[in-house]
Every structure is written in structure tokens, then in C-alpha cells.
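The values are calculated or read from the model by the stated rules, or taken from the named source; none is laboratory data. In this text, all values refer to a predicted model and were calculated from it rather than measured experimentally. Quick reminder, even Gly has a Cβ in these numbers, built from the backbone with ideal geometry, and neighbours come from all protein chains shown.
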């Protein structure tokens, strides 16, 4: 899916005024890497991208006139973008983000979360061709034990615990945003065990009217039939699924296109172009 397609689904309604204002001074913002062009002028719609990674969503939002704040603990994946380096698992960092969210609630139009799925990936259950047995990735979770298996090594258990801590912090921030009237969305692969964790189950219990949207990347300009799932909720219009228009599943057109390309190439170049040369060649 192209990030611009995603961005165009945002609602532009302002968030409601909930609780006491918690404004940050320009000095405070500057000291936390959130001043200047990153926060921009008040009065313009702001999108918050948590676990921003490459920041492509933030770029797409800026492309349609919104402002975006990209947040991630690792800034190395960012593609020529400014990232506010904050770790949700760090209590001090989380507290700062809470203050920013409350201070900017009047212009926050949406917040998107894309937590890491490394420990929750179902791909860990499949063998990687060419890798020796001792180097094959091991499942760290299961449908029966989505928060982590019992037989993990100390290093594996530490990875799962760190991921779970980030999931818990994300849910806490999601609930705060919803309470402030801000629409939110969470992204992970369709089959990720992340969706089954106790942290996400807590979110489902708290927000019973959340919407689930499943789509394949190839139906939105991608080259793979990768299935992605969004959970979203807009407290300003709970009955509306913000991303309903994205719910397109693969119709195999990518495979058909690949076949057409192969047939075209075969008609233009000799068959020998595709065959291995003989031993005497």
C-alpha cells in the first residue's frame, strides 16, 4: 500500500477538549528535540507516527498538507526525515510524550502505531532455505502462548520481554489518545501473534467498537501479496471504519502481470536466453 493512500483516509476533525491542558514551553520542546520544523506552527493538523521506522507515512502526510511528528527509539532507518528519538519503554521518554500529546491535542488529527513484529512473526515457524538448523529462527510465541513461550533461552526471553513492554506502553498511549478524542490505528502483519497478546486483548476490552481492516499490499501498488491488518478507532465517529476503503484482498493480478511479462520476454528474446549454457559453452 502506498503511504499516500493511507494518508488520504485521515479525518480532519479537531480533537475534543478533555481534561486539563498540559502545555509545553518552547524551551521545553526544544530540549526534547521537538522544536522548529518538527512541531511547526500551531493551527495545522498534526499526525503522530509512533514506531516510525522509515517515516514514509509522515512524509506522505506532509505531502497532503498535514504536519507529522515521527517518533522512534532507532533513528537509523529514517529516510531523510527528522525523528524524535524516544523509547516508549523509557519512563521519562513516555512521560514527555504524554505531555506532548496533551499539549497538542487540539490539532492532533490521527496517531498511527506500527510496533515491531519480530518476536511475534509467524514466519519464525517456517524453515529458511539454505540456513543450517542451528541458525534457523525459532518461534518465540504461539497462539496458546502469545506473550512468550516457556522454553526460551535467556536472550530470547529478554527480546520477548522488551517487545511486550513496548506493546504495553503503546496500548497505554493509545488509550490516552482515544480519551483525548484523537483517532488511532495500529498496524501489524495479518497473521502476527502480536494481535493475540494480553496487551492487545486489554485494548479490545477497553475499546469494544474498534475496527479491523485487512488488505494485501499488491492491491495498493505493492509488488507482494503481503497481508496487513489495521486495528483502528475514531472516538469522534466510533461507527466509522477510517480504513474501510483499504480492505482489498489479492485478486492474483500481480501473478497475472508476472506471467504476461514472462510471455512477452519469451517472445522477444530467444529461449536460450533463459536456459543455462551447456557444459561445452
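Starting from the stretch 239-251, take each residue that is on the phi < 0 side of the Ramachandran plot and surrounded by 18 or more Cβ atoms within 10 Å (Cβ to Cβ) and list its partners that are at pLDDT 90 or above and part of a loop (DSSP other than H, G, I, E, B), counting only C-beta distances under 7 angstrom and pairs at least six apart or across chains.
Within 7 Å, the pairs are 242/234.
For the stretch 121-129, does any single residue satisfy the condition of being more than 18 Å from residue 84 (Cβ to Cβ), in contact with a helix residue (DSSP H, G or I) (Cβ under 7 Å, 6 or more places away or on another chain) and in contact (Cβ under 8 Å) with a residue 12 or more places away in the chain? So that I can check it myself, show each step before the final result.
The first filter runs over the stretch 121-129 and keeps only residues more than 18 Å from residue 84 (Cβ to Cβ), leaving 121-129.
After this cut, where a residue has to be in contact with a helix residue (DSSP H, G or I) (Cβ under 7 Å, 6 or more places away or on another chain) as well, the list is 122.
The next check asks that each one be in contact (Cβ under 8 Å) with a residue 12 or more places away in the chain; those that pass are 122.
Looking for residues that are more than 18 Å from residue 84 (Cβ to Cβ), in contact with a helix residue (DSSP H, G or I) (Cβ under 7 Å, 6 or more places away or on another chain) and in contact (Cβ under 8 Å) with a residue 12 or more places away in the chain, one finds at least one in the stretch 121-129, hence yes.
If you check residue 162 against the conditions, is it in contact with a helix residue (DSSP H, G or I) (Cβ under 8 Å, 6 or more places away or on another chain) and closer than 16 Å to residue 193 by Cβ? I'd like the intermediate steps shown before the answer.
Details: in contact with a helix residue (DSSP H, G or I) (Cβ under 8 Å, 6 or more places away or on another chain): no; closer than 16 Å to residue 193 by Cβ: yes.
Spelling it out, it is not the case that residue 162 is in contact with a helix residue (DSSP H, G or I) (Cβ under 8 Å, 6 or more places away or on another chain) and closer than 16 Å to residue 193 by Cβ.
Every residue, every condition in (1) in a loop (DSSP other than H, G, I, E, B); (2) at pLDDT below 90; (3) buried (at least 16 other Cβ atoms within 10 Å of the Cβ), yes or no:
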| position | (1), (2), (3) |
| --- | --- |
| 37 | no, yes, no |
| 43 | yes, yes, no |
| 60 | no, no, yes |
| 80 | yes, yes, no |
| 130 | yes, yes, no |
| 141 | yes, no, yes |
| 149 | yes, no, yes |
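So is residue 106 over 21 Å from residue 231 (Cβ atoms), assigned to a loop (DSSP other than H, G, I, E, B) and out of contact with any strand residue (DSSP E or B) (no Cβ under 8 Å at 6 or more places or on another chain) or not? Give the steps one after another, and end with the answer.
Details: over 21 Å from residue 231 (Cβ atoms): yes; assigned to a loop (DSSP other than H, G, I, E, B): yes; out of contact with any strand residue (DSSP E or B) (no Cβ under 8 Å at 6 or more places or on another chain): yes.
It is true that residue 106 is over 21 Å from residue 231 (Cβ atoms), assigned to a loop (DSSP other than H, G, I, E, B) and out of contact with any strand residue (DSSP E or B) (no Cβ under 8 Å at 6 or more places or on another chain).
Modelled with pLDDT of 80 or more and surrounded by fewer than 20 Cβ atoms within 10 Å (Cβ to Cβ): does that describe residue 172? Can you show your working first?
Working: modelled with pLDDT of 80 or more: yes; surrounded by fewer than 20 Cβ atoms within 10 Å (Cβ to Cβ): yes.
Here the answer is yes, as residue 172 does meet what is asked.
With the structure loaded, tell me whether residue 179 is more than 19 Å from the chain's Cα centre (by Cα) and in contact (Cβ under 8 Å) with a residue 40 or more places away in the chain or whether it fails that test. Don't jump to the end; show me each part of the working.
Working: more than 19 Å from the chain's Cα centre (by Cα): yes; in contact (Cβ under 8 Å) with a residue 40 or more places away in the chain: yes.
Yes; evaluated as a whole, the condition is true for this residue.
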